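What follows is a short report on a single structure.
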Amino acid sequence: SAPGLLSSAVKSRPMIGATIPVVDNLAKSIHFYHDLLGLQGRDGDPRVNLGWYPTVPFLEDMYGGVGGQLRNVAFVIPGSELRVEADEWQNARGKALNLRLQDSGASRLILSVRNLDKLAGYLKQGGAKVVTTGGEPVTVRDAAGTSRAIIFEDGSGFFVELVEPATP
């Protein structure tokens with residue numbers, strides 16, 4: 001895994017709640033977010049949450065009447081109150097939409113990192129799909145200055161952008 005490579009720079013940005021990707025395979029999410037990206041589980045080792053549990057009517061309604069059993073795991077974003085909570089429904093039907101980054105409704109989590117090349121290397125070595133054209137970090141210039149960035153797909157159709165600012 002990649003412990004300590006995420007930047008604590010996110011402390012200065014206000015964050016609330018969670019991003020909640022609904023996934024088709026919770027084990028794939030654990031591999032990407034925990035094993036490769038290095039995020040820690042809110043409740044310890046995320047692999048202990050692979051069991052199914054009954055859900056409540058509020059959640060069934062919120063997710064369009066999926067019903068049945070649910071399992072999830074929450075990963076903590078260092079230096080922030082934000083978390084990534086991957087949810088998998090046992091009785092979900094349908095097929096994945098396979099969104100592209102430019103599609104309406106595509107989700108992208110943007111994380112500041114200290115060593116982009118090292119972390120991107122962990123992700124690539126672990127089989128994560130690079131979305132950035134050319135497969136390597138690109139230089140990005142904006143009002144805050146120059147940074148480098150690369151975008152990965154998490155294995156469940158959600159995007160994670162890693163950004164290394166020129167000045168930590």
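The values are calculated or read from the model by the stated rules, or taken from the named source; none is laboratory data. Nothing here was measured: the structure is a model prediction, and the numbers come from that model. Positions of Cβ are generated from backbone atoms using ideal geometry, with glycine treated the same way; all protein chains shown enter the neighbour counts. Surface accessibility is based on the protein's heavy atoms, side chains included, excluding ligands, DNA and RNA. Shrake-Rupley method; radii C 1.70, N 1.55, O 1.52, S 1.80 Å.
Which cross-chain or sequence-distant (5 or more) residues have an amide H under 5 Å from the amide H of ALA74, H modelled 1.01 Å from N in plane?
ARG42, ASP43
Could you work out how much longer the chain between LYS129 and THR19 gets when fully extended? Use 0.36 nm per residue separation minus the Cα distance between them, nm to one decimal.
37.6 nm
Whole-Hz ³J(HN,Hα) for each residue in the range 27-34, computed from phi via Karplus 6.51 cos²θ - 1.76 cosθ + 1.60 with θ = phi - 60°, x for glycine and proline: what do you get?
Residue by residue, the range 27-34 yields 4, 5, 5, 4, 4, 5, 6, 9 Hz.
How big is the charge dipole of the range 35-168 about its Cα centre, in debye rounded to the nearest 20, if each Lys and Arg gets +1 on its Cβ and each Asp and Glu gets -1 on its Cβ?
My answer is approximately 300 debye.
Report the number of Lys pairs in the chain whose alpha-carbons are under 17 Å apart, with separation of 8 or more residues or on distinct chains.
Value for the chain: 4.
Treating the angle as unsigned and between 0 and 90°, give the value, to the nearest 10°, between the Cα long axis of helix 116-125 and the longest Cα principal axis of the chain.
40
List residues of the range 152-168, by number, whose backbone nitrogen lies under 18 Å from a label position 7 Å along Cα→C-beta of ASP117.
Residues passing the 18 Å test: 162-168.
In sequence order, what are the phi-derived ³J(HN,Hα) couplings for the range 76-84 according to the Karplus relation 6.51 cos²θ - 1.76 cosθ + 1.60 with θ = phi - 60°, rounded to whole Hz, with x for glycine and proline?
My calculation for the range 76-84 gives 8, 8, x, x, 8, 8, 6, 9, 9 Hz in order.
What number, in nm² with one decimal, is the all-direction average of the projected area of the convex hull of the alpha-carbon atoms of the chain?
10.2
How much mean residue ellipticity at 222 nm does the chain get from its helices, if each DSSP H run of length 4 or more adds -39500 (n - 2.57) and you divide by all residues, to the nearest 500 deg cm²/dmol?
The per-residue figure over the chain is -3000 deg cm²/dmol.
Show the residues, 5+ positions off or on another chain, whose built amide H is closer than 5 Å to the amide H of LEU109.
Counting only residues 5 or more places away or on other chains, the set is PHE159, VAL160, GLU161.
Determine the relative contact order of the range 38-121: mean sequence separation of Cα pairs under 8 Å and six or more apart, normalised by residue count, in whole percent. Don't jump to the answer; show the numbers that get you there.
Numbers: 87 pairs, mean separation 19.3, N = 84.
This gives 23 percent for the range 38-121.
Among HIS31, GLY94, GLY65, pick out the residue whose Cα is farthest towards the positive end of the charge dipole of the chain, where Lys and Arg carry +1 and Asp and Glu carry -1 on C-beta, about the Cα centre.
Highest projection toward the positive end goes to HIS31.
Output the antiparallel fraction of DSSP beta bridges having both residues in the chain, as a percent to the nearest 5.
75
Report relative contact order for the chain in percent, whole number only (criteria: Cα-Cα under 8 Å, sequence separation at least 6).
Over the chain, the number comes to 25 percent.
Considering only protein heavy atoms, with the full assembly of protein chains and a 1.4 angstrom probe, order ARG108, ARG141 by accessible area, largest first.
Final ranking, largest accessible area leading: ARG141, ARG108.
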